[in-house]
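> This is the structure I want to talk about, given as structure tokens.
Just so it is clear, none of the values below were taken in a lab; they were calculated from the coordinates. Please read all numbers here as calculations on a predicted model, not as lab measurements. FYI the Cβ positions are ideal-geometry reconstructions off the backbone, even for glycines, and counts take in every protein chain you see.
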Amino acid sequence: MSRELYERAVAIAERAYAPYSSFHVGAVVRARDGRIFEGVNVENASYPLGICAERAAVARAVGEGCRPGDLEEIAITASPCGGCRQWLYEFKFDRVTFKNAEGEVVSRTPAELLPETFEL
Ligand SMILES: [Zn+2]
């Protein structure tokens, strides 16, 4: 399933709005109830206002009623940044599949991606 989700993330990455970096990223979330949520990165002329693909996908899931623990896995066409790793940890994904810096598609748990993370 992770590989299928990853291929879907690759397919939607072209929808990204990335006129400044041309770095297109796609992310696809699968909820435990089987629902699928897609996201792409959206840049802005004011750089810090941009949003990463994985956070866009999670925000979409939350807008449809999902909460931490409801989302089983996510596939991303790039390695998640530090801020996104915090989101992935908080939403308690079982598995995060992404293309790492070496170009390999790998699966990790959020705790592996962000050990000893911040919690409130
Ligand atoms: Zn990010």
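> Residues in region 45-54: is at least one within 16 Å of the ligand (Cβ to nearest atom) and assigned to a loop (DSSP other than H, G, I, E, B)?
Yes: region 45-54 contains one or more residues that are within 16 Å of the ligand (Cβ to nearest atom) and assigned to a loop (DSSP other than H, G, I, E, B).
> Hey, could you check region 56-84 for residues that are within 8 Å of the ligand (Cβ to nearest atom) and buried (at least 20 other Cβ atoms within 10 Å of the Cβ) and say which is nearest to Ser22 (Cα to Cα)?
Ranking the qualifying residues of region 56-84, first place goes to Pro80.
> A further question on this structure: Among the listed residues Glu90, Glu7, Glu14, identify the single one that is within 16 Å of the ligand (Cβ to nearest atom) and among the acidic types (Asp, Glu).
Selected residue: Glu90, the only one of Glu90, Glu7, Glu14 that is within 16 Å of the ligand (Cβ to nearest atom) and among the acidic types (Asp, Glu).
> Out of everything in region 18-44 that is charged (D, E, K, R) and farther than 15 Å from Glu7 by Cα, what residue ends up being nearest to the ligand (Cβ to nearest atom)?
Filtering region 18-44 for residues that are charged (D, E, K, R) and farther than 15 Å from Glu7 by Cα, the one nearest to the ligand (Cβ to nearest atom) comes out as Glu43.
> Could you go through region 2-15 and let me know if any residue there is part of a strand (DSSP E or B), of a type outside the set (D, E, K, R) and touching a strand residue (DSSP E or B) at 6+ places or on another chain (Cβ under 7 Å).
Checked region 2-15: no residue is part of a strand (DSSP E or B), of a type outside the set (D, E, K, R) and touching a strand residue (DSSP E or B) at 6+ places or on another chain (Cβ under 7 Å).
> While we're on this one: Could you give every pair whose Cβ atoms fall below 6 Å, whose first residue belongs to region 75-101 and is farther than 16 Å from Val28 by Cα and in contact (Cβ under 8 Å) with a residue 60 or more places away in the chain, and whose second residue is aromatic (Phe, Trp, Tyr) and more than 9 Å from the ligand (Cβ to nearest atom), counting only separations of at least 6 or pairs across chains?
none
> Checking Glu43 against (1) buried (at least 16 other Cβ atoms within 10 Å of the Cβ); (2) among the charged types (D, E, K, R); (3) within 23 Å of Leu114 (Cβ to Cβ), which single condition isn't satisfied?
Going through (1) buried (at least 16 other Cβ atoms within 10 Å of the Cβ); (2) among the charged types (D, E, K, R); (3) within 23 Å of Leu114 (Cβ to Cβ) one by one, Glu43 breaks only (3).
> Also: Enumerate the pairs (first residue in region 37-64 and basic (Lys, Arg); second residue anywhere and more than 14 Å from the ligand (Cβ to nearest atom) and in a strand (DSSP E or B)) with beta-carbon separation below 6 Å, excluding pairs fewer than 6 apart on the same chain, so at least 6 apart or on different chains.
Within 6 Å, the pairs are Arg60/Phe37.
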